[in-house]
1. Return the total of residues in the stretch 127-179 being in a loop (DSSP other than H, G, I, E, B) and not acidic (Asp, Glu).
2. Would you call Val157 crowded, with 18+ Cβ neighbours inside 10 Å and more than 17 Å from the chain's Cα centre (by Cα)?
3. If only one of Gly81, Gly102, Gly65 is buried (at least 20 other Cβ atoms within 10 Å of the Cβ) and touching a Phe, Trp or Tyr at 6+ places or on another chain (Cβ under 8 Å), which one is it?
4. Look through Arg355, Arg313 and report the one residue that is more than 22 Å from Arg30 (Cβ to Cβ), at pLDDT 95 or above and part of a helix (DSSP H, G or I).
5. Restricting attention to the stretch 212-242, and to residues there that are buried (at least 17 other Cβ atoms within 10 Å of the Cβ) and assigned to a strand (DSSP E or B), which single residue is nearest to the chain's Cα centre (by Cα)?
6. Does the stretch 152-182 hold any residues that are in contact with a Ser or Thr (Cβ under 7 Å, 6 or more places away or on another chain), farther than 15 Å from Pro89 by Cβ and modelled with pLDDT of 95 or more, and which are they?
7. Of the conditions (1) more than 24 Å from Arg113 (Cα to Cα); (2) part of a helix (DSSP H, G or I); (3) touching a residue at least 60 places away in the same chain (Cβ under 8 Å); (4) not hydroxyl-bearing (Ser, Thr, Tyr), Arg18 fails just one. Which one is it?
8. Which pairs do you get when a residue that is closer than 13 Å to Thr165 by Cα and hydrophobic (A, V, I, L, M, F, W, C), found in the stretch 184-208, comes within reach of a residue that is assigned to a loop (DSSP other than H, G, I, E, B) and modelled with pLDDT under 95, reach meaning Cβ atoms under 7 angstrom, with the pair 6+ apart or on two chains?
Amino acid sequence: MDFTLSDEQRLLQDTVARFVREQYGPEARRTSVAAPGGWRREVWKRFAEMGLLGLPFAEDEGGTGAGPEEIMIVAEALGHGLVVEPFLPTVVLCGGLIATAGTLRQREEMQPRIAAGDLTLALAHSEPTSRWSLADVTTRAEGKRSDFVIDGTKTGVLYGDSADTLIVSARLEGGRRQERGIALFLVSRTAPGVTVRGTATIDGQRTAEVTLANVIVPVDDVLGPLGLAYPKLEAAVDRAIAALCAEAVGAMARLNALTAEHLKTRRQFGRPLADNQALRHRLVDMTIACEEARSVMLLAAMHATDPDAQARRRAISAAKARVGAAAKTVGQGAVQLHGGMGVVQENAVGDLFKRLTAIELTFGDTDHHLDRFARAG
């Protein structure tokens, strides 16, 4: 297989990498984390100008017509720079759902606003007792004439406290863990009956708990087929996992670069640490783990939009499991080789390690995806 990037893809890669390198240093990141909602609108607008926010959308619907390979390129660069702006929840996850499950009216209204940076979204799906099962939905939606009334609680909603619109999953029929009977609804974060409580995560990002009490949603705001939204939801989460894998690879590559530089410049007993063969072997192990993760990341990107759901599940779960294991090898190795400097706030190593830890737990940890991979076989 040819994994060579096209000229357009290399231009995209260079553009995003240059932005991260020149305009998103440690101080800029701290400013974003401290901003209301945990991210800066001026950075978001810059993303819109670069065309990043319209990647999943067709060119005739306000986007750039890009595919999972372009999403992978952008996510890897954002992971390298520890960017906290909500690219994954708004563009990849929810934007992907709008593109694949939205009606023509919904796409025409929402996609240009997302691409322009005027609309942010968050997926309110996970529940306090669901763990990582996408079919475990107890939030209920009852049909009332031309409207639906939703009641339930969602947790772990990425950037839910700053999103303009929530995509809420609710059950119309069926048992708690049945795939059939789940529907998706577009709900304003400020709608009557919606309560959002946001909190910071260990990696400097944001999550929220969303409570819905007698929230009325018009039938026009149903996203996807009523009661048959699960396949669309699963496919969107798989695409998001592929992007997360790319982000993790970007973070691991930066950790390896920082660690190699530290070993060359830090001196002990009059000699650089790199003279210690055991430390060099540790760095080699970290480099191999990162390159293995990069290989399965490419595989995940290739299968992110595979119409064969079983093949897609196997590729995505294989990548998530391998990346999770590599993240531990690289993250723990980088912190240990830096010593106490690896956990101080002034050093990016600790922040990168915390982000990798959070990625490993997002949308299912390594054990969960090993089990999913086996069942998909």
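1. 23
2. Details: crowded, with 18+ Cβ neighbours inside 10 Å: yes; more than 17 Å from the chain's Cα centre (by Cα): no.
The answer is no for Val157.
3. On the way: Gly102 fails: touching a Phe, Trp or Tyr at 6+ places or on another chain (Cβ under 8 Å); Gly65 fails: buried (at least 20 other Cβ atoms within 10 Å of the Cβ).
That would be Gly81, the only listed residue that is buried (at least 20 other Cβ atoms within 10 Å of the Cβ) and touching a Phe, Trp or Tyr at 6+ places or on another chain (Cβ under 8 Å).
4. Numbers: Arg355 fails: more than 22 Å from Arg30 (Cβ to Cβ).
Among Arg355, Arg313, only Arg313 is more than 22 Å from Arg30 (Cβ to Cβ), at pLDDT 95 or above and part of a helix (DSSP H, G or I).
5. The extreme case among them is Leu223.
6. Correct list: Gly152, Thr153, Ala170, Arg171, Ile182.
7. For Arg18, the exception is condition (3).
8. So the pair list comes out as Leu184/Gly224.
The values are calculated or read from the model by the stated rules, or taken from the named source; none is laboratory data. Small disclaimer: the values here were computed from a predicted structure and weren't measured. Because the Cβ atoms are built from the backbone with ideal geometry, glycine has one as well, and the counts that use them run over all protein chains shown.
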